[in-house]
2 protein chains.
Amino acid sequence: MKSTINDVAARAGVSIKTVSRVINNEPSVRPATRKKVMDAVNELHYQPNLAARNLAGTRSYTIALIYDNPNAYYIIDMQNGILETCKARGYELLIHPSNSKSDTVIDELRALVEHSKVAGVVLTPPFSETQSVIDEVKKLGLDYVRIVSSGAAEGDEDNCIQVDDSGAAFDITKHLVEHGHRRIGFLCGGEEHVSTHGRLDGYKDALRQAGIPLESELIIPGEYSFDSGVAGAKALLALDNPPTAIFASNDEMAAGALFAARLMNVEIPQQLSIVGFEDSPFSRQTWPKLTTAHQPNSEIAKCAAALVLNKARSKSSSESASANKDAGIIKKFVPELLVRDSSGDAPAN
Amino acid sequence: MKSTINDVAARAGVSIKTVSRVINNEPSVRPATRKKVMDAVNELHYQPNLAARNLAGTRSYTIALIYDNPNAYYIIDMQNGILETCKARGYELLIHPSNSKSDTVIDELRALVEHSKVAGVVLTPPFSETQSVIDEVKKLGLDYVRIVSSGAAEGDEDNCIQVDDSGAAFDITKHLVEHGHRRIGFLCGGEEHVSTHGRLDGYKDALRQAGIPLESELIIPGEYSFDSGVAGAKALLALDNPPTAIFASNDEMAAGALFAARLMNVEIPQQLSIVGFEDSPFSRQTWPKLTTAHQPNSEIAKCAAALVLNKARSKSSSESASANKDAGIIKKFVPELLVRDSSGDAPAN
DNA sequence: ACGTCAAATGACAACGCTGTCATATAGGGG
DNA sequence: CCCCTATATGACAGCGTTGTCATTTGACGT
């Protein structure tokens, strides 16, 4: 039933080693031979056995995704993106949810390496932005890719897929400014997230460029949660001179802001514009639907996976040195403004 | 660094086969020997190599989770539950999102079996309730567990973890009745889901038991989406004699109903009670927070995984026949009523 | 003390593949 | 046409475990 390398070798009339060479894209195989083998492979629908490969080779055919994120939609998108790349290249995905509060990741990482061979890991925030984790991964000699907010890429750009939070926040703010808003409230995400700072920076930059003075009373601390969105919006709307627009650091907070507005009988978007960030399914279920910034998570994941796989592969010397193998891998994403119904012109006043 | 079975054998002063026997819980090992081996295992932190096991044995140490569900929270819960069981028992999880619209699952299932050995699969709705998929899984001789709405368990109870939708819906409806509601609207989920019918049945049963006549105008077809919740609630509230409570088939629809109510200036829960189902994160982000039925998804997943593993294991004859190995595995769950703020006494009238 | 037999243990091949190293083969220069 | 060399191919040994089957051990009855 399941054909092995031996079957292929027999059918192609070569040794199993030659088959191995072909399926691993190693050099030193005559084109004619390569074709014979490929034909046999196709006829038999041969697929190399992963367990055997992992056992025999120095390379591994498994990568791990390390995460701890309460946002299920984000994780699912990540998984799907990585899975796509893995499937295409014959790798396996090991998913590894962990807890960023306790320090167990480090140990788990070690176990992962010792226990089953892992070719590389994809780290998502907050692990991707935690120095101790990064250090350990390096120490273990693992190939890795970090998905991070641009600010956290530092001198490690080669191993990062960046998300340009400040750029996207700039765009969003600019969108509001262009609609005549001059007083724009900003609801911050959690202090500990790098993205929080990036988004705030983008907001500030856009105001500065538009010549609008920063007003600290309009910047409210928060923590990426619905409740903090409600609270923040209430605070803003209670000001003597309330803003005509609110930029919430993510969709969940924006949904909270929307509710606060409804509560206080403020019409959206006629009296107040509200925008979010992330384009989570949330943003389509509020009413009105949220203007937000779309973050192509599964595309990001696909690129991250492709990047780790290339890293892992390039270490295997027998590999034919393909020149620009990283072609097509986008390393910096800027979430795109998505105008929906929760934002509009500033009230005539 | 990474210790192998050989290291353990050497340290314990036995052959590797004996070590193998011990770690696989096979009979015919003297207690004293077993202890020696276990000591060595612990001292060396020995973990059997999965690739080798998969390669050598007839058993496999990988199970797959097959799913196609837009609800990311549900999937994540499932994954976490299964992962917990797997980790505890030294298995690996292969996640396999698929598309229920196209018929590719069947082929993918075949590939899964041929390609990498898989000990068993956990099927979630809708695959778990699709006959062609179930048939194929059986044909492939795979061990499987289906997570299904009770109605779909038929004569296959041994392979099912059931969720008692009708029972939970009964409880929810009863809760409303006990608060004096006599006219209760029901927003249906999608026709194609078995759970839709189960939930509706529970609603009907509760009314019947309370001696409340069924009124077809109060039962609105829908499809488990926010929009359909909005539409359904609007329709109900527009009736000449509108209901005093609305039972939405899931939280998303309930959120929609909440919005429709706000729109029409209906106070919740003073003028109208609204309840959902599922206890998704949604239900805590609406305002007021939703009364709903809590479905312990990760617990369900844990049991499902334990069940497949037991099945897979029992086929290995060398296994010491542990009597009631399925002890502790719950095979029928009834989601539990969770009263929050969106439901209350029927208006005095 | 001895034979008996089930229970306990071990030797060894095999799983499907890759890495190493030896061997064969094809061109190119004399 | 032969030798040399680079290139192409193959033989074979592992990787860490389990399955099979042979061998040893110990408890028991005599």
*Is there a residue being on the phi < 0 side of the Ramachandran plot, without any contact (Cβ under 8 Å) to a residue 12 or more places away in the chain and within 16 Å of DNA strand C (Cβ to nearest atom) anywhere in the range B:88-111?*
yes
*Please find, among B:Asp156, B:Asp171, B:Asp135, B:Asp143, the residue that is open to solvent by 40 Å² or more (accessible area, probe 1.4 Å) and either at pLDDT below 95 or in the same structural domain as B:Leu309 (by TED's automatic domain parsing) (or both).*
B:Asp135
*Residue list for the range B:5-14, restricted to those being within 14 Å of another protein chain (Cβ to nearest Cβ) and away from DNA strand C (no atom under 12 Å from the Cβ)*: B:Asp7
*Across the range B:21-59, what is the total count of residues that are within 8 Å of DNA strand C (Cβ to nearest atom), more than 14 Å from chain A (Cβ to nearest Cβ), under 39 Å from the mean Cα position of the chain (by Cα) and assigned to a helix (DSSP H, G or I)?*
2
*So which residues in the range B:94-107 are surrounded by 13 or more Cβ atoms within 10 Å (Cβ to Cβ), at pLDDT 90 or above and hydroxyl-bearing (Ser, Thr, Tyr), if there are any at all?*
B:Ser98
*Could you tell me which residue of the range A:60-76 is surrounded by the most Cβ atoms within 10 Å (Cβ to Cβ), considering only residues that are more than 8 Å from chain B (Cβ to nearest Cβ) and not in a loop (DSSP other than H, G, I, E, B)?*
A:Ile63
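Let's see how each residue does on (1) of a type in the set (A, V, I, L, M); (2) in contact (Cβ under 8 Å) with a residue 60 or more places away in the chain; (3) more than 26 Å from A:Thr124 (Cα to Cα); (4) open to solvent by less than 60 Å² (accessible area, probe 1.4 Å):
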| residue | (1), (2), (3), (4) |
| --- | --- |
| A:Gly198 | no, no, no, yes |
| A:Gly211 | no, no, yes, yes |
| A:Glu223 | no, no, no, no |
| A:Asp227 | no, no, no, no |
| A:Pro243 | no, yes, yes, yes |
| A:Asp251 | no, no, no, yes |
| A:Ala254 | yes, yes, no, yes |
| A:Phe259 | no, no, yes, yes |
| A:Ser280 | no, yes, no, yes |
*Flag if B:Leu176 is buried (at least 21 other Cβ atoms within 10 Å of the Cβ) and more than 14 Å from the chain's Cα centre (by Cα)*: yes
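Return yes or no: is B:Lys17 more than 30 Å from the chain's Cα centre (by Cα), more than 8 Å from DNA strand C (Cβ to nearest atom), more than 9 Å from every other protein chain (Cβ to nearest Cβ) and assigned to a helix (DSSP H, G or I)? Spell out the reasoning first.
On the way: more than 30 Å from the chain's Cα centre (by Cα): yes; more than 8 Å from DNA strand C (Cβ to nearest atom): no; more than 9 Å from every other protein chain (Cβ to nearest Cβ): yes; assigned to a helix (DSSP H, G or I): yes.
No.
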*Please state which of the following conditions B:Lys234 fails to meet, knowing it meets all the rest: (1) out of contact with any Leu (no Cβ under 7 Å at 6 or more places or on another chain); (2) outside any loop (DSSP other than H, G, I, E, B); (3) within 14 Å of chain A (Cβ to nearest Cβ); (4) within 21 Å of B:His179 (Cα to Cα).*
(4)
*Considering each residue of the range B:77-86, count those that are at the interface with chain A (Cβ under 10 Å from one of its Cβ atoms) and either closer than 16 Å to B:Leu50 by Cα or part of a strand (DSSP E or B) (or both), and give that number.*
1
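From the set of residues in the range B:8-20 that are of a type outside the set (Gly, Ala, Ser) and near DNA strand D (Cβ under 8 Å from one of its atoms), which is farthest from B:Val41 (Cα to Cα)?
B:Lys17
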*Among the residues of the range B:81-93 satisfying the criterion of being surrounded by 20 or more Cβ atoms within 10 Å (Cβ to Cβ) and among the aliphatic types (A, V, I, L, M), which is nearest to the chain's Cα centre (by Cα)?*
B:Ile82
*Taking B:Arg110 as the residue in question, decide whether it is open to solvent by 50 Å² or more (accessible area, probe 1.4 Å) and closer than 22 Å to B:Ile134 by Cβ.*
yes
*Hey, A:Glu217 open to solvent by 30 Å² or more (accessible area, probe 1.4 Å), within 14 Å of another protein chain (Cβ to nearest Cβ) and not aliphatic (A, V, I, L, M) or not*: no
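The values are calculated or read from the model by the stated rules, or taken from the named source; none is laboratory data. Please read all numbers here as calculations on a predicted model, not as lab measurements. Positions of Cβ are backbone-derived with ideal geometry, glycine not excepted, and every protein chain shown enters the neighbour counts. Accessible surface areas use protein heavy atoms only, side chains included; no ligands, DNA or RNA. Shrake-Rupley method; radii C 1.70, N 1.55, O 1.52, S 1.80 Å.
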